[in-house]
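Notes follow the structure.
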Amino acid sequence: MAKTVTIDRERSAERIERDIETLAGPDYTESADCIRRYAYTPVYENTLRYFTGELERIGFEVWRDPVGTLVASNVPKGAPAFGIGSHCDSNRNGGKYDGTLGVVTALEVCRLAQESGEHVPLRLISFLEEEGSGFGQMLLGSRIMLQRVTEEELKGTFLSPEGVSFWDAAKAAGCPVEDWRASIAELDGLTGWVEVHIEQGRVLQDTGNRLGIVHAIAGYVHGDFRFTGRADHAGATPMGFRVDAAIPAAETILEVERLANEIGDTTVGTTGEVESFPSLINVVPGGMRVSLDTRSVTGGHLQLRDRIVPYARERAEARGVGFEWVERQGLDVTPMDDGIVAALTAEAEATGEPFMVMPSGAAHDTMCVADRVPTAMLFVPCRDGLSHTPLEDADTRDAALAAEVLLGAIRALGA
Ligand SMILES: [Zn+2]
């Protein structure tokens with residue numbers, strides 16, 4: 001098929017590189033060793049001002065929603081436009097690319113559209129607090145926009161490490177937070193939405209693909225297995241006299257791996273937090289907490305949860321250990337829009353560059369946007385799959401390719 005858009009990728013890669021390196025400078029991170037920026041800090045404000053300056057330079061109008069999510073458009077507020085963007089906050093020990101590359105690539109799409117002289121109605125959004133570094137809440141800006149939070153949570157439950165509520169912090173930053181429900185109007189008129197993001201896995205790198213077109217974002221369940229045994233002296237208590245909470249915990253960890261493999265179909269299961277009580281070398285563990293993170297794009301994560309919980313209970317009971325499953329949070333699988341995925345696929349094919357259609361294992365703001373707007377995502381490879389570390393690395397030439405494919409798809413969709 002004929003390409004809808006051809007760009008000077010080298011020039012775009014250079015501009016993306018310049019943006020990324022600028023935003024890695026001392027004015028844009030609280031730490032000299034990593035990227036650390038989150039809502040309502042001076043470095044975050046500087047970052048939003050940088051994007052504002054670049055967007056105004058190419059004739060976009062820029063504003064903020066009631067909690068500080070940045071929005072920009074080249075058509076009047078609410079008029080039909082195609083949405084692009086990501087987030088520019090970081091993990092507390094983050095790198096240059098997670099989120100920021102998506103906003104920077106969206107900015108490049110805006111520049112390319114403006115330079116093309118064609119009328120391409122666009123709306124760029126940079127969501128507040130995706131990583132949860134400020135208030136421990138992931139996807140907070142997009143959840144606020146999609147009304148997936150309550151006012152009580154904003155006022156009371158969502159706290160900074162210093163104990164300041166999100167509500168008070170937003171107010172102190174000058175945001176009209178009491179109008180938070182109006183944030184959803186920022187999606188009015190959107191004909192579609194695509195977020196560019198680093199993959200955060202190693203599939204693209206290891207398969208030699210330069211782009212990933214996301215067809216679904218995995219759903220997940222987060223919870224804790226809590227085992228309650230009896231803490232006894234490790235020397236004075238013979239083996240037959242123990243109620244050791246660590247044993248069924250260990251069996252459960254192994255079973256999570258076995259089940260994820262058996263269920264297959266993108267299902268993953270991880271027991272990343274293991275806590276022992278009292279955690280002493282000479283005391284039989286009286287309690288154990290093992291976390292579960294399970295995800296899939298097929299519903300396999302729900303199957304895993306439904307099978308592992310009775311298994312863990314059965315193993316605990318077999319040893320006289322108390323058991324409780326405490327579910328923390330879950331999100332459903334988010335399918336992407338077939339039409340947008342097809343348009344991205346056609347444009348990617350036309351470039352002749354290697355790409356693949358793939359699921360996203362990680363959660364993204366796009367999961368919230370998808371409530372209201374047809375969406376998809378584009379992944380760019382990152383070195384060794386690393387993210388949430390200053391070692392994050394990605395090739396801005398791949399991001400330039402993403403910009404070309406994205407602009408072409410938007411044009412082809414007639415948005
Ligand atoms: Zn991210």
Would you calculate the separation in nanometres between label points at residue 178 and residue 291, each defined as 7 Å from the Cα along the Cα-to-beta-carbon direction?
-> 3.7 nm
HN-Hα J couplings of region 155-165 from phi, Karplus 6.51/-1.76/1.60, θ = phi - 60°, integer Hz, Gly and Pro as x?
-> 8, x, 8, 8, 10, 6, x, 8, x, 8, 6
Other-chain or far-sequence residues with amide H under 5 Å of residue 216's (modelled H) | 336, 360
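When only Cα pairs under 8 Å and 6 or more residues apart are kept, what is the percent relative contact order across the chain?
Across the chain, relative contact order equals 23 percent.
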Distance between modelled label sites at residue 306 and residue 157, nm, 7 Å Cα→Cβ extension | 2.6 nm
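Ranked highest first by average number of other Cβ atoms within 10 Å, how do 24-30, 402-408 line up? List each step's numbers first, then the result.
Working: 24-30: 16.0, 402-408: 28.6.
Ranking, from highest mean packing down: 402-408, 24-30.
Test of understanding: what is the full-extension gain from residue 56 to residue 383, defined as 0.36 nm times their sequence separation minus their Cα-Cα distance? Could you put the intermediate results ahead of the total?
Working: separation 327, 0.36 × 327 = 117.72 nm, distance 3.27 nm.
Extra length available between residue 56 and residue 383 comes to 114.4 nm.
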So what are the ³J(HN,Hα) numbers for region 215-225, from phi and the Karplus equation (6.51, -1.76, 1.60; θ = phi - 60°), rounded to whole Hz, Gly and Pro as x?
-> 9, 6, 9, 4, x, 8, 10, 10, x, 10, 8
Between 87, 364, 233, which gets the highest mean-square fluctuation from a Gaussian network model of the chain, Cα cutoff 10 Å?
-> 233
Using a basic spin-label model with each label point 7 Å from the Cα along Cα→Cβ, how many nm lie between residue 21 and residue 207?
-> 3.2 nm
Taking the chain as the reference, fit the longest principal axis to its C-alpha atoms, fit the long axis of helix 100-116 to the helix C-alpha atoms, and give the angle between the two in degrees, 0 to 90, nearest 10.
-> 20 degrees
Degrees, to the nearest 10: 42-57 long Cα axis against longest axis of the chain = 30 degrees
Computed [θ] at 222 nm, deg cm²/dmol, the chain (DSSP H ≥ 4; -39,500 (n - 2.57); rounded to nearest 500) | -10500 deg cm²/dmol
Considering the alpha-carbon set of region 180-234 alone, what are its Rg and its Dmax in angstrom?
-> 21.8, 66
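Could you line up 123, 411, 57 from fewest to most neighbouring Cβ atoms inside 10 Å? Mind showing how you got there, number by number?
On the way: 123 28, 411 18, 57 10.
If I rank by nearby Cβ atoms, fewest first, I get 57, 411, 123.
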About its Cα centre, what dipole magnitude does region 219-331 give when the only charges are +1 on Lys and Arg Cβ and -1 on Asp and Glu Cβ, stated in debye to the nearest 20?
-> 180 debye
Alpha carbon centre of region 237-256 versus region 83-157: separation in Å?
-> 44 Å
Taking H placed 1.01 Å from N in the peptide plane, check which residues at least 5 places from residue 83 or on another chain put their amide H under 5 Å from its amide H.
-> 123, 191, 192, 193, 194
Between helix 338-351 and the chain: long-axis angle, C-alpha atoms, 0 to 90°, nearest 10 | 70 degrees
All lysines inside 20 Å of residue 171 as judged from Cα atoms, apart from same-chain residues fewer than 8 positions distant = 155
For the chain, modelled as a GNM with alpha-carbon contacts under 10 angstrom, which of 108, 186, 273 fluctuates the most?
-> 273
Provide the per-residue ³J(HN,Hα) series for region 166-182, in order, calculated from phi with Karplus coefficients 6.51, -1.76, 1.60 and θ = phi - 60°, each as a whole number of Hz, with x at glycine and proline positions.
-> 3, 4, 5, 5, 5, 4, 4, 7, x, 7, x, 4, 5, 8, 3, 5, 6
Which length gain, in nm to one decimal place, applies between residue 168 and residue 282 when the Cα-Cα distance is subtracted from 0.36 nm times their residue separation?
-> 36.4 nm
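All of the numbers you see were taken from the coordinates with simple rules; none came from a lab. Because the structure is a prediction, the values reported are computed rather than measured. Ideal geometry is used to build each Cβ from the backbone, glycine not excepted, and the neighbour counts take in all protein chains shown.
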